[in-house]
Each structure stands twice: as C-alpha cells, then as structure tokens.
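S.K.: To start, I am sharing the structure in question, which I have written as structure tokens.
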Amino acid sequence: MELIINGRYNEAFSHLLLFGLASILEDADDSRICTIRWIDRTHAGIDVSDNLSWEDCATVIRDHAHRWSMSSWLNASDVYSVPVKSGKSSKNAVSAARATLSPRLGTPSPDDRWRLLECNRARAIDDLQTDLDRRYIGALGEPSYWSGDMAAQGYTPDRGASRWEMVTRNRGQEFISGRLLPLAKAVAERNVQSIVEGLRGTTITDEAGKNKQDSRTPTGLRHPSLTDNAQAWCALFGVSAFPVMKGVSARRGATASLFQLPRYGSYAILPVWLQPWTLQKYRSVVRSQALLIVGIEAVLGNDDKDDAVREKDDGMLKRIGANNAAISLSRQWLNGKGVEYAMLFPQYVSSNSSAPERWLKKGELVLLDSEKTDYER
C-alpha cells in the first residue's frame with residue numbers, strides 16, 4: 001500500500017521528510033525498494049515494495065533512532081580547542097568537548113587539535129554501518145582546513161559544512177550534540193503507536209524542543225515551530241540527498257540544491273513530480289546542474305528591475321553558464337525526468353552577525369512550462 005504523508009509542497013521540511021523517511025525504510029532492508037511522489041499540494045506518497053504498514057514503518061524508525069542513539073559515532077566527542085595560556089591569568093580555562101562529527105564546531109586550535117579531530121573523525125566514520133549512515137555523514141560535510149589560507153583574517157572552517165545544516169551556533173551550540181543526539185534519544189524512547197501518530201501528523205510531540213510553539217527542532221527546514229520529533233528525525237536524514245562539494249577557494253563549498261547569490265541571498269530549489277520516483281532518481285535530479293540553473297534563473301530572470309540591475313544580473317547568469325540555451329535545455333531535461341514544477345525556497349537570515357539564525361521560508365512555484373499556470377492535480 002502507499003503510505004500517505006501529510007505535508008505541504010511549499011515547505012522544504014515536507015520534501016525532506018518524504019525523502020528521509022523513504023531512505024531510512026529502504027536502508028533497513030537490502031531487498032526493499034521505495035518510490036516517492038507528490039500526490040497534490042498537501043500530500044505525498046511512499047510506495048514500499050514489501051507493503052509495510054505504518055506500524056512496521058514506525059518500528060523501523062524507532063530501531064534506526066535507537067541504533068544511532070547508542071552508536072559510537074553519534075556519541076563521539078573531544079576537546080578540539082584549547083585556549084592559549086594568558087600571561088594575565090594563572091589559570092588556563094578548559095574548553096568544552098564538541099561532537100566529533102559535527103560539521104561546524106569552531107576552529108580547532110592549536111594545530112595538534114586539527115590532527116586529533118581528523119584522527120577521531122576517521123575512527124568514527126570507520127564505525128558507520130550502512131550506506132545511509134555513510135551518505136548522511138558525508139552530506140553533512142566537515143570543518144574545512146583546506147579552503148583558503150587558515151592564517152588569514154576571517155578564515156572559517158564552516159566552509160566545509162553543508163548549507164543544509166542550519167543550527168544557530170550561539171553559546172557553543174552545534175548540530176550533533178545539540179540537535180541530532182537529543183532527537184535520536186527522544187524517538188528511540190517512544191512506543192510504536194506514538195511514532196505512527198507523529199509521522200502521520202495526527203499528534204505533534206516535540207520532546208527535544210520542550211513542546212514550545214517556537215521550537216528550533218525544524219533546524220532551518222522551516223520557520224521555528226512545534227514539530228514532531230519522529231518527523232524531524234526523518235527530515236534531517238533527508239539531507240543525505242544533498243552532498244557538499246569541497247573547494248579550495250576562500251568561500252563556502254557548494255551544496256546540492258542550495259545556492260547563494262550576491263545581493264539576493266540564499267535559496268533552495270527542489271522538484272515537484274507526480275509519478276513515482278526511486279530514491280536514486282531523486283538524488284540525481286536534486287544534484288543536477290539543470291535544477292540549479294532553473295533556480296538561479298528564477299531569482300535573476302525577473303524583468304521587473306532597472307537597466308543597471310538587469311545588466312549586472314545578466315552578467316552573473318553568463319558567468320555561471322546560464323544563457324538562454326542552457327536555461328531552455330535545463331527545463332527540457334527536467335521535464336524529461338518527470339519534473340512538473342520546481343519550488344524555490346528563499347532563506348531567512350537574522351540580523352545577528354555573530355550567530356545568525358537561518359531557515360527556509362515558504363516556497364515559490366517555478367513553472368517549467370509556460371502553458372502551465374498552477375499545480376491543480
């Protein structure tokens with residue numbers, strides 16, 4: 001039977017919940033195949049080859065969360081930054097431990113802390129057990145020692161992290177110990193029925209967010225809001241579809257389906273499709289240059305601007321190879337894959353320069369075919 005997910009197509013959280021849940025189910029059994037699709041504006045579907053019930057799915061999710069909550073890699077931590085002893089102080093404060101696999105955890109120092117981090121990361125990664133384990137940790141990225149001059153002013157190791165990882169790093173907060181581990185423990189401690197109710201949206205229990213209306217449990221995939229922890233656990237594993245590409249330039253590495261444009265800010269671009277897709281097909285589409293070009297053109301191609309701005313934007317499109325021919329070919333390629341529409345999600349960024357809060361706002365429909373006017377199926 002097809003498992004129906006209640007979620008709006010203009011919320012990035014719903015997109016990642018769909019893919020993340022299907023990924024966990026498929027990863028639990030080598031012979032299982034999941035296909036996913038959007039049914040309408042407020043419902044998506046997962047078809048599981050061995051006809052799992054919701055109770056079966058909940059058991060898989062609970063077992064997955066329990067395995068991660070008890071794992072060596074999720075609990076691995078160490079002190080990666082030791083303050084230099086000041087001549088004005090007789091004491092040298094001991095920095096708090098940070099999770100080894102967090103993609104953003106500050107700058108390790110001195111240099112031997114970088115070596116400790118790399119050694120510990122290698123050990124933790126060797127302990128990963130499944131394809132999804134490895135795909136997810138790889139997609140999160142890691143602190144960068146390779147992108148630019150580490151001694152330069154303004155250098156940040158965050159350049160190696162995925163843009164999909166949006167935990168606000170105030171007061172030493174980091175993703176693994178501050179978000180993923182608490183979610184793993186919360187879901188692992190639930191009974192099957194409560195996980196079923198959470199996944200289906202009939203109840204919302206936000207243990208990690210203390211059931212607050214402005215809970216940060218969505219972790220940037222939508223605005224702060226009360227969010228069921230079973231849904232959040234699956235949605236965060238949806239990030240496994242979007243690898244981060246390492247680069248040696250002094251800027252943050254590119255992340256699949258998320259891009260940043262000067263003067264415009266950051267956006268995510270995701271497909272909307274109606275026919276069942278395998279998870280492999282979904283990954284190939286969201287990592288494609290075609291989807292990225294369509295997203296960038298949707299931001300820069302607006303004609304409602306003065307001549308000077310239009311000239312700058314046209315120049316930017318040319319520099320990234322998004323000329324009219326490339327845009328047309330990208331739309332044709334996506335149509336050929338079964339993409340009906342794309343959804344463009346602007347990213348909100350708070351004004352706190354030291355620890356900005358980020359989340360993806362409601363999506364805006366991007367038409368691939370000029371004859372289509374709305375999503376009415």
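S.K.: Output wanted: per-residue J couplings in Hz (rounded whole) for the stretch 7-19, from phi through Karplus 6.51 cos²θ - 1.76 cosθ + 1.60, θ = phi - 60°, x for Gly and Pro.
M.R.: Running phi through 6.51 cos²θ - 1.76 cosθ + 1.60 with θ = phi - 60° gives x, 7, 6, 9, 10, 4, 4, 5, 4, 6, 4, 4, 6 Hz.
S.K.: Expressed as a whole number of Å, what is the distance separating the alpha-carbon centroids of the stretch 119-137 and the stretch 2-66?
M.R.: The stretch 2-66 and the stretch 119-137 have Cα centres spaced 23 Å from each other.
S.K.: What whole-number value in Å² describes the accessible area per residue of the stretch 202-275 for a 1.4 Å probe?
M.R.: I get 39 Å² per residue for this part.
S.K.: Follow-up. Where does the charge balance sit around residue 130 when Lys and Arg score +1, Asp and Glu -1, over other residues with C-beta under 13 Å from its C-beta?
M.R.: -4
S.K.: At 7 Å along the Cα-to-beta-carbon direction for both residue 289 and residue 149, put a label point, then send me their distance in nm to one decimal.
M.R.: 3.2 nm
S.K.: Give me the Å³ per residue figure for the convex hull around the C-alpha atoms of the stretch 146-269.
M.R.: Spelled out: Cα convex hull of the stretch 146-269, divided by residues, is 136 Å³.
S.K.: Taking a 1.4 Å probe, which of 189, 174, 364 shows the most accessible area, and what order do the others take after it?
M.R.: The most accessible residue leads, giving 189, 364, 174.
S.K.: Quickly rank 8-19, 318-329 as a protection proxy: mean count of other C-beta atoms within 10 Å, highest first.
M.R.: Going from most to least packed, we get 8-19, 318-329.
S.K.: Report the Cα centroid-to-centroid distance between the stretch 224-263 and the stretch 185-202 in angstrom, as an integer.
M.R.: Centre-to-centre (Cα) distance: 25 Å.
S.K.: Tell me, what is the per residue accessible area of the stretch 309-374 in Å², probe radius 1.4 Å?
M.R.: Counting only protein heavy atoms, the per-residue value for the stretch 309-374 is 58 Å².
S.K.: Hey, another quick one. If you bin every alpha carbon distance in the chain into 10 Å steps from zero, what whole percent lands in each bin?
M.R.: Using 10 Å bins, I get a P(r) of 5, 23, 32, 25, 12, 3, 1, 0 for the chain.
S.K.: About the Cα centre of the chain, what is the dipole size in debye to 20, counting +1 per Lys and Arg Cβ and -1 per Asp and Glu Cβ, all else neutral?
M.R.: Dipole magnitude for the chain comes out near 1420 debye.
S.K.: For the pairs 212/361; 210/281; 210/362; 185/246; 246/281; 212/281, note any where the Cα-Cα span goes beyond 27 Å.
M.R.: With Cα atoms farther than 27 Å apart: 210/281; 185/246; 212/281.
S.K.: Determine the relative contact order of the chain: mean sequence separation of Cα pairs under 8 Å and six or more apart, normalised by residue count, in whole percent.
M.R.: Worked out over the chain, it gives 20 percent.
S.K.: With a 10 Å cut-off between alpha carbons and a GNM built on the chain, which of 246, 312, 337 moves the most?
M.R.: 312
The values are calculated or read from the model by the stated rules, or taken from the named source; none is laboratory data. All of these numbers come straight from a predicted model, not from anything done at the bench. Reconstructed Cβ throughout: ideal geometry from the backbone, glycine too, with neighbour counts over all protein chains shown. Side chains are part of the model used for accessible areas, which takes the heavy atoms of the whole protein and leaves out ligands, DNA and RNA. Shrake-Rupley method; radii C 1.70, N 1.55, O 1.52, S 1.80 Å.
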